[in-house]
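The values are calculated or read from the model by the stated rules, or taken from the named source; none is laboratory data. Nothing here was measured: the structure is a model prediction, and the numbers come from that model. Because the Cβ atoms are built from the backbone with ideal geometry, glycine has one as well, and the counts that use them run over all protein chains shown. Accessible surface is based on the protein model in full, side chains and every heavy atom, while ligands, DNA and RNA are left aside. Shrake-Rupley method; radii C 1.70, N 1.55, O 1.52, S 1.80 Å.
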Amino acid sequence: MGLIVQKFGGSSVKNAERIFNVAKIVTDTYSAGNDVIVVVSAQGDTTDDLLDKAHEISARPSKRELDVLLSAGEQISSSLLAMAIEKMGYNAVSLTGWQAGFLTDRTHSNARIRRIETERLRSEIEKRKIVIVAGFQGINRNDDISTLGRGGSDTSAVAIAAAMKADICQIYTDVDGVYTADPRIVKSAIKLEEITYDEMLELSSLGAQVLHNRSVEMAKKFDIKLEVLSSLTKAPGTMVKEVTKMEKMLVKGIARDDHIVKFTIKNLQNVPGIAFKIFSAIAGKKINVDIIVQTAANSANLMDMSFTTHEENAELAQEVLGNLLPGFGNGVYIERDDDLSKVSVVGSGMQTNAGIAARMFETLADNQININTISTSEIKISVLIARVDSTKAVVALHDSLIQ
Ligand code: ADP
Ligand code: ASP
Ligand code: MG
């Protein structure tokens with residue numbers, strides 16, 4: 001008996017039948033004596049469909065208007081779910097992001113939650129209502145609607161769990177837990193009973209879509225018990241927590257990200273301040289960069305600087321670099337590679353076990369997969385490889401490192 005936050009993704013609410021399935025899960029939880037706050041995503045492919053509609057009107061719609069448009073997807077599913085729950089004889093109320101008190105920063109399309117004003121949520125719970133919140137959205141200081149980035153409803157749910165001190169946050173999706181690799185790509189992927197926040201954060205930041213990386217970051221920060229499970233089966237899910245007992249497993253998962261672009265600025269003078277110049281200009285446009293590599297200078301004291309970023313930032317990054325170019329002198333030019341993927345091996349056991357990297361590179365070599373770039377941290381090794389090889393790489397690495 002307590003307060004439970006349940007989040008349902010797009011496939012869990014994609015049609016009327018699925019909405020009634022969710023209503024049953026929610027009302028069963030409520031009938032067992034719990035208070036329930038539900039967070040929903042837009043139905044099925046609604047967000048992509050809305051984006052297509054916007055692009056029928058304009059190639060570069062303003063981010064403010066996109067946020068108004070996209071937030072509608074979650075509002076539709078929240079009201080439909082509330083209607084289904086009411087039809088089943090329970091009291092429910094749907095709330096948009098701003099009605100639920102989500103205050104964000106002023107970024108559009110990738111806003112961060114600053115805080116949640118919980119009065120409305122609390123008052124509806126006190127009235128014993130099942131509260132349904134439209135995920136992925138909030139309002140900023142200008143009273144404009146903002147959205148939290150693709151996959152952001154997970155973060156809405158964890159934020160509510162933190163603000164309301166919920167007992168658990170359950171993320172219902174179309175797979176019954178977190179696997180050692182995307183089960184759609186690797187048929188032999190293994191479901192994990194549990195995984196640490198740090199490992200999950202790496203996996204989701206490196207492309208495992210199953211949880212929004214900021215939701216994991218927030219769950220860790222506020223020590224929220226997070227469970228990933230399916231809305232279609234009753235199988236136990238995966239617990240995401242601080243410490244796990246599965247220390248035997250050196251590698252917890254393989255992730256891949258096909259949505260990256262790599263930029264290289266060639267022939268830069270190797271003098272103080274160059275990296276600062278480039279990355280402060282990039283950061284000034286709020287572009288997140290990932291793997292950064294600076295080569296050693298050659299005999300002419302020239303070096304190359306590379307970085308990767310999400311494909312949605314590519315045009316803007318190219319523009320920023322193009323503007324910097326004249327300041328770098330003759331012979332400096334930009335290369336852009338749109339055909340790479342990042343494939344990563346994640347596991348906290350790697351910290352104390354040499355040999356994983358060698359095995360990873362051996363597997364890639366055995367499969368004739370060339371490595372473009374390598375990047376490591378304590379609990380992960382990432383490589384950039386040709387995108388055409390990414391599925392083969394994930395399957396082969398899973399075979400050699402996990403089974
Ligand atoms: P939702 O719409 O419920 O938010 P998502 O599509 O965002 O669902 O995330 C679920 C999907 O994440 C799964 O269908 C699966 O293909 C993918 N996925 C990628 N990596 C993993 C992994 N390691 N474990 C489980 N699912 C994964
Ligand atoms: N509907 C949004 C998306 O498709 C947010 C979410 O599903 O979490 O990205
Ligand atoms: Mg998702």
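Restricting attention to strands (runs of 3 or more DSSP E) lying wholly within the stretch 280-397, give those where 3 or more residues are of a type in the set (Lys, Arg).
Where strands (runs of 3 or more DSSP E) fall fully within the stretch 280-397, none carries at least 3 residues being of a type in the set (Lys, Arg).
Can you go through ASP144, ASP154, ASP174 and tell me which one is over 15 Å from the mean Cα position of the chain (by Cα) and within 15 Å of ligand 2 (Cβ to nearest atom)? Working first, answer last.
Working: ASP144 fails: within 15 Å of ligand 2 (Cβ to nearest atom); ASP154 fails: over 15 Å from the mean Cα position of the chain (by Cα).
Being over 15 Å from the mean Cα position of the chain (by Cα) and within 15 Å of ligand 2 (Cβ to nearest atom) holds for just one of ASP144, ASP154, ASP174, which is ASP174.
Let's see how each residue does on (1) within 13 Å of ligand 1 (Cβ to nearest atom); (2) β-branched (Val, Ile, Thr); (3) surrounded by 18 or more Cβ atoms within 10 Å (Cβ to Cβ):
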| position | (1), (2), (3) |
| --- | --- |
| LYS191 | yes, no, no |
| GLU199 | yes, no, yes |
| LYS225 | no, no, no |
| SER231 | yes, no, yes |
| GLU242 | no, no, no |
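Go through the stretch 85-102 residue by residue and tally those that are of a type outside the set (Ser, Thr, Tyr) and surrounded by 23 or more Cβ atoms within 10 Å (Cβ to Cβ).
Restricting attention to the stretch 85-102, the residues satisfying the condition of being of a type outside the set (Ser, Thr, Tyr) are 85-89, 91-93, 95, 97-102.
Next, from what is left, pick out any that are surrounded by 23 or more Cβ atoms within 10 Å (Cβ to Cβ): 85, 92, 97, 100, 102.
Within the stretch 85-102, residues that are of a type outside the set (Ser, Thr, Tyr) and surrounded by 23 or more Cβ atoms within 10 Å (Cβ to Cβ) number 5.
Output yes when any residue across the stretch 277-289 is surrounded by fewer than 15 Cβ atoms within 10 Å (Cβ to Cβ), without any contact (Cβ under 8 Å) to a residue 60 or more places away in the chain and on the phi > 0 side of the Ramachandran plot, and no when none is.
no
Going by the conditions given, is ILE334 within 27 Å of ARG387 (Cβ to Cβ), touching a residue at least 24 places away in the same chain (Cβ under 8 Å) and crowded, with 18+ Cβ neighbours inside 10 Å?
no
List pairs: first residue in the stretch 132-155 and in contact (Cβ under 8 Å) with a residue 40 or more places away in the chain, second residue part of a strand (DSSP E or B) and of a type in the set (Phe, Trp, Tyr) anywhere in the structure, Cβ distance under 8 angstrom, at least six positions apart or on different chains.
GLN137/PHE102; GLY138/PHE102; ILE139/PHE102
Given the options SER390, SER400, name the one that is surrounded by fewer than 18 Cβ atoms within 10 Å (Cβ to Cβ), touching a residue at least 12 places away in the same chain (Cβ under 8 Å) and of a type in the set (Gly, Ala, Ser).
One residue alone meets the criteria, SER400.
Taking only the stretch 193-212 into account, find how many residues are out of contact with any Asp or Glu (no Cβ under 6 Å at 6 or more places or on another chain), under 29 Å from ILE19 (Cβ atoms) and assigned to a loop (DSSP other than H, G, I, E, B).
Adding up the residues that qualify gives 3.
Might you check whether a residue that is among the aliphatic types (A, V, I, L, M), buried (at least 21 other Cβ atoms within 10 Å of the Cβ) and more than 13 Å from ligand 1 (Cβ to nearest atom) occurs anywhere in the stretch 202-219?
As a first pass, look at the stretch 202-219 and keep what is among the aliphatic types (A, V, I, L, M): 203, 206, 208, 210-211, 216, 218-219.
Checking which are buried (at least 21 other Cβ atoms within 10 Å of the Cβ) leaves us with 203, 206, 208, 210-211, 216, 218-219.
Still in the list and also more than 13 Å from ligand 1 (Cβ to nearest atom): 218-219.
For the stretch 202-219, residues among the aliphatic types (A, V, I, L, M), buried (at least 21 other Cβ atoms within 10 Å of the Cβ) and more than 13 Å from ligand 1 (Cβ to nearest atom): present.
Of the conditions (1) of a type in the set (A, V, I, L, M, F, W, C); (2) surrounded by fewer than 13 Cβ atoms within 10 Å (Cβ to Cβ); (3) at pLDDT 95 or above, ALA354 satisfies every one except a single condition; which number is it?
That leaves (3) as the condition not met.
Checking the structure you have, find out if any residue of the stretch 163-178 is within 16 Å of LYS225 (Cβ to Cβ), in contact with a helix residue (DSSP H, G or I) (Cβ under 6 Å, 6 or more places away or on another chain) and more than 8 Å from ligand 1 (Cβ to nearest atom).
Yes, the conditions are met somewhere in the stretch 163-178.
Can you tell me which of SER146, SER123, SER156 is open to solvent by less than 20 Å² (accessible area, probe 1.4 Å), among the hydroxyl-bearing types (Ser, Thr, Tyr) and assigned to a helix (DSSP H, G or I)?
SER156
Given (1) within 30 Å of ARG106 (Cα to Cα); (2) touching a Ser or Thr at 6+ places or on another chain (Cβ under 6 Å), where does LYS53 come up short, assuming only one miss?
(2)
Which of the residues that make up the stretch 158-181 are farther than 28 Å from ALA393 by Cα, out of contact with any Ser or Thr (no Cβ under 7 Å at 6 or more places or on another chain) and of a type in the set (A, V, I, L, M)?
ALA159, ILE160, ALA161, ALA162, ALA166, ILE168, ILE171
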